[in-house]
Amino acid sequence: MPQSLRLVPATASPDALLLVLARGVRAFADGFISVLLPVYLLELGFSEFRVGAISTATLLGSAVLTILVGLVAFRLRRRSLLLAAAFIMAATGVAFATIHTFWPLLLIAFVGTLNPSAGDVSVFLPLEQTLLPQTVADRERTSLFARYGLVASLIGACGALAAGLPSLIARTTALSLQDALSLMFVAYAVLALIAMALYRHLSPAIEPPADAPPTPLRESKRIVYTLAALFSLDSFGGGFVVQSLLALWLFQRFDLSIATTGTIFFWSGLLSAISYPIAAWLAGRIGLVNTMVFSHLPANIFLILVPFMPNLQLAITLLLARSLLSQMDVPTRNSYVMAVVTPAERPAAASLTSVPRSLASAASPLLSGWMLSASPFGWPLVIAGALKGTYDLLLLAMFKSVRPPEER
């Protein structure tokens, strides 16, 4: 098979393939849940503010769970942690399918793994981010992260397209829309079990060597703390436009159907997927930091302009243009963090750059839901674009001279 068509680089270990496949399974689940979550909650009679509150609870809970995992990760097997996370994912799906009152759902959202975003903000992320670099040589690291993101975006896009299934089921069967939506949460639980089966086949090679256990940050502390602060600013901005709330804005502003919104997010995910291999190619020529900034900044300008568009066609054009550029910083960012720290510091670096991001993104959906309940204009999109653009400029100014080993 040509190298460019492989799911993982030819030199990668079998564990890399298992991690990429598991990410794809989870991405499909996240794809339809991020579109259907606001529809389901509105169908249950919740207000836009309560939709935002549950979205905030999912992100805040993911942050707390990631902190807890970071505190005990050095004591436990990494495969065991991934299996436990997959079990929680399955339990979350079953709970959302069967419980229909606000306060219990808010609690479940906090302790569970629901992802209202198009990207991965769950406890799985720092665990997999730590494991991927050790399955491949340094020169292939960015390529592996790009393929990991490519698979997630492609399959997540198909998941978004599957968000139209409940409407089809409700029209062609005796089930109500609410019951059809509940079935999708059952499907979410089933996909969690498939991911669990993949994690069970990970080899002992993913565990840290006994003579070189993970260590706290030492020489990389300043770099990681600064990156964590910058990533938090970016995530706080991104929390205003997590996919569930972006879907809610499209429902409000343009009165779109679930199927149409799912189709838009399908094409959005497809364009994001295309950007991952481009990001890896571009990083090899202009560097990781330049690739992050010079792709991300135009995407945020597009986001600011979306609410000002006079019709749906122009708004969707800008959203799709943003999708082509906005995710190019994901594989490059993950690769960069793992490159500028020592291998022993990678678990700590992954946790310390993920947790503040999750905490920062948890606050903004509640604000976004409040803004959308007050006005359909789209102020959350403007605020998100401005904050994320500020992050881009600060990142370029502070890290353009801090280069990973392959760029020296």
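Values quoted throughout were computed directly from the atomic coordinates according to the rules given, and no laboratory measurement underlies them. Because the structure is predicted, anything quoted here is derived from the model rather than measured. Using ideal geometry, Cβ is built from the backbone for each residue, glycine included, and neighbour counts are taken over all protein chains shown.
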Residue span residue 99 to residue 309: 0.36 nm per residue of separation minus Cα-Cα distance leaves a gain in nm of 71.7 nm
Rounded to one decimal in nm, the spacing of the 7 Å Cα→Cβ label points at residue 285 and residue 84 is 4.5
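What percent do you get for the relative contact order of the chain when only Cα pairs under 8 Å and 6+ apart count?
28
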Calculate, in nm to one decimal, what residue 203 and residue 42 gain on full extension: separation in residues at 0.36 nm each, minus their alpha carbon distance.
-> 53.6 nm
What net charge is computed for the residues neighbouring residue 381, neighbours being all others with C-beta under 12 Å from the C-beta of residue 381, Lys and Arg scored +1, Asp and Glu -1?
-> +3
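Ranking 267, 103, 281, 249 by Cβ neighbours within 10 Å, fewest first, what do you get?
Numbers: 267 16, 103 8, 281 13, 249 25.
Going from least to most buried by this count: 103, 281, 267, 249.
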Charge tally in the Cβ shell below 14 Å around residue 300, where Lys, Arg are +1 and Asp, Glu are -1, residue 300 excluded = -1
Fewest-first sequence of 242, 39, 151 by Cβ atoms within 10 Å of each Cβ | 151, 39, 242
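How much length is gained on full extension from residue 177 to residue 408, taking 0.36 nm per residue of separation minus their Cα-Cα distance? Don't jump to the answer; show the numbers that get you there.
Details: separation 231, 0.36 × 231 = 83.16 nm, distance 5.67 nm.
Length gained, residue 177 through residue 408: 77.5 nm.
Divide by every residue of the chain the summed helix terms, -39500 (n - 2.57) for each DSSP H run of at least 4, and state the resulting mean residue ellipticity at 222 nm, rounded to the nearest 500 deg cm²/dmol. Provide the component values of the computation, followed by the final result.
Values: 16 runs with 301 residues, N = 408.
Dividing the helical sum by the residues of the chain leaves -25000 deg cm²/dmol.
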Could you put 34, 47 in order, starting from the residue whose Cβ has the fewest other Cβ atoms within 10 Å?
-> 47, 34
For segment 258-332 and segment 333-386, what is the separation of their C-alpha centers, rounded to whole Å?
-> 16
